[in-house]
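Here's the structure, in structure tokens; my notes come after.
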Amino acid sequence: MSLFNVYPLFDITPVKAANVFVYDKNGIEYLDLYGGHAVISIGHSHPTYVRNISDQVSKIGFYSNSIQNPLQEKLAAQLVAQSNCKDHQLFLCNSGAEANENALKLASFHTDKKKVISFTNSFHGRTSAAVAVTDNANIVAPINAQQEVDFFVLGDLTSVEIALQKGDVCAVIIECIQGVGGLDESTTDFYQGLATLCKKYNALLIIDEVQSGFGRTGDFFAFQKHGIEPDIISMAKGMGNGFPIGGILIHPEIEASYGLLGTTFGGNHLACVASLTVLEVLKQENLLENVCAISEYFIEKASAIPQIKKIKGRGLMLGLEFDFPIAALRKNLIYKQHIFTGSAKNPNLLRILPPLTIKKQHVDQFFEALKNELS
Ligand SMILES: Cc1ncc(COP(=O)(O)O)c(C=O)c1O
């Protein structure tokens with residue numbers, strides 16, 4: 001039997017990882033500026049993470065959502081305290097797509113409407129409603145195309161209002177900083193305008209923080225810079241530092257009822273401990289401050305490289321735009337310089353998504369390597 005061949009793979013087999021480094025089966029060390037696609041937040045195999053998960057699995061790893069699980073309560077309290085999203089309610093699931101799927105479903109239940117507004121270059125996942133609001137025709141199957149979705153250009157508030165006026169929209173879904181699409185972000189006026197329009201026309205504002213959340217931008221959530229209060233916030237990636245966990249934070253005005261949402265694996269004991277440990281380490285190691293400091297240092301160094309035409313994004317969710325496709329450069333960075341980086345829908349954009357524990361010496365290592373490849 002063979003694997004269903006959907007991933008173009010680099011010929012590297014990691015067997016070990018520690019903090020910002022990954023080691024392959026031949027013992028080669030790679031600097032990880034990709035974080036397995038923005039997933040590694042507190043560093044690979046952080047000692048506290050290893051200890052807490054090991055301790056938990058030796059007690060109980062899983063039981064279904066039919067029993068009391070105080071770890072979920074603890075996670076909700078800690079999350080609300082650290083993110084400053086006061087009084088929000090937490091629903092836990094297993095991935096980013098699932099978080100958005102539940103967010104959209106909840107918006108539809110809550111408003112009794114079904115159309116969604118999304119934006120060009122968006123990426124929200126591959127499940128039914130999540131992929132329908134993703135701007136990539138190649139991954140939308142005919143079965144998903146039944147969803148009613150209007151796509152607008154980021155920043156086009158006028159078109160959003162015209163669509164909302166029809167009264168059939170249950171939600172507006174948006175990434176504050178687009179990830180896969182290429183690190184575009186609109187203005188505070190635009191995000192505040194969206195929040196106002198959603199209230200006016202009884203649609204929910206869903207902010208997708210799957211990639212940008214949990215400190216990656218230097219704020220706990222990226223939307224916080226714009227001073228808005230979303231109705232639903234979706235999270236995943238950095239939330240579990242590699243342990244599969246996702247979730248939505250739900251505004252207190254949205255009421256729950258038994259059976260409205262549900263999952264077998266979501267919020268299990270191990271997932272909760274993984275996420276609680278991420279929150280503990282973010283706080284103990286002042287990682288949000290580190291993100292801001294390292295981001296500033298990184299941008300300063302990138303600005304001195306003439307081949308880099310534009311630096312996009314915030315915090316440690318960055319994109320370096322060149323005036324040529326970066327596929328070959330990225331390959332050389334991996335195979336010759338032993339550094340992982342990311343790509344985007346924009347072929348000229350190299351994405352930088354390291355663990356939030358990265359230090360200046362790792363940034364120096366990257367720029368030395370980049371200069372070698374560009375010379
Ligand atoms: C912004 C955003 N939303 C949703 C997803 C989907 O997450 P998952 O792959 O965990 O389903 C991603 C994944 O890249 C993402 O970047």
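Listed values, structure above:
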quantity	calculated
Bridge type composition, the chain - antiparallel percent by DSSP, nearest 5	65 percent
Label-point gap, in nm, between residue 166 and residue 289 - each point 7 angstrom along Cα→Cβ	5.1 nm
Paramagnetic reach from residue 23 in segment 330-372 [backbone N under 18 Å; point 7 Å along Cα→Cβ]	338-340
For segment 1-117, diffusion coefficient by Stokes-Einstein and Kirkwood Rh (Cα), 25 °C, 0.890 mPa s, µm²/s	133 µm²/s
Highest-MSF residue in the chain out of 40, 143, 207 [GNM, Cα springs under 10 Å]	143
Per-q log10 I(q)/I(0), segment 219-314, q = 0.19 Å⁻¹ (Debye; single scatterer per alpha-carbon; no solvent)	-1.11
With every protein chain in place, the chain: carbon and sulfur % of accessible area (1.4 Å)	53 percent
Sequence-separation-based contact order of segment 89-211, relative, with Cα cut under 8 Å and 6+ spacing, percent	28 percent
Cα centroid separation - segment 352-370 against segment 140-157, whole Å	37 Å
Where Rh is the Kirkwood radius over Cα pairs, Rg/Rh for segment 85-157	0.98
Estimated 222 nm signal from helices in the chain, with DSSP H stretches of n ≥ 4 weighted -39500 (n - 2.57), rounded to 500	-10500 deg cm²/dmol
Within a Gaussian network of the chain (alpha carbon springs, distance under 10 Å), most fluctuating of 186, 118, 295	186
Pair-distance profile P(r), taking every C-alpha pair of segment 216-375, with 10 angstrom steps and integer %	9, 31, 31, 20, 8, 2, 0
Per-bin percent of Cα-Cα distances, segment 25-180 [5 Å]	1, 7, 12, 15, 17, 15, 12, 10, 7, 3, 1, 0, 0
Å² per residue, accessible surface of the chain at 1.4 Å	45 Å²
Projected-area average for the chain over all orientations - Cα convex hull basis, square nanometres	19.5 nm²
Angstrom value of the Kirkwood radius, inverse mean 1/r, which spans all Cα pairs in segment 124-174	11.9 Å
DSSP H segments from the chain that extend 24 Å or more along their own axis, Cα-based, with Kyte-Doolittle mean of 0.0 or above	none
Residue order for 158, 13, 217 - accessible surface, 1.4 angstrom probe, largest first	158, 13, 217
R0 of 45 Å, Cβ-Cβ distance residue 48-residue 148: FRET efficiency to nearest 0.05	0.50
Highest-MSF residue in the chain out of 49, 63, 34 [GNM, Cα springs under 10 Å]	63
In nm, spacing of pseudo-spin labels at residue 114 and residue 77 (7 Å Cα→C-beta vector)	4.2 nm
Hull-based mean projected area of segment 168-283, where the convex hull spans the alpha carbons, in square nanometres	8.5 nm²
Net charge dipole size for the chain [Lys, Arg +1 and Asp, Glu -1 on Cβ; Debye, nearest 20]	640 debye
Hydrodynamic radius (Kirkwood) for segment 305-375, which is based on Cα pairs only, to one decimal in Å	12.4 Å
Dimensions (Å) - segment 24-89, Cα atoms, principal axes, largest first	46, 31, 19
Gain upon complete extension [residue 159, residue 345; 0.36 nm per residue less C-alpha separation]	64.5 nm
Lysines whose Cα lies under 16 Å from that of residue 331, excluding same-chain neighbours fewer than 8 positions away	371
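The values are calculated or read from the model by the stated rules, or taken from the named source; none is laboratory data. No experiment lies behind these values; they were computed from the predicted model shown. Every residue, glycine among them, receives a Cβ derived from its backbone with ideal geometry; neighbour counts consider all protein chains shown. Please note that ligands, DNA and RNA were not included when accessible areas were found on the heavy atoms of the full protein model with its side chains. Shrake-Rupley method; radii C 1.70, N 1.55, O 1.52, S 1.80 Å.
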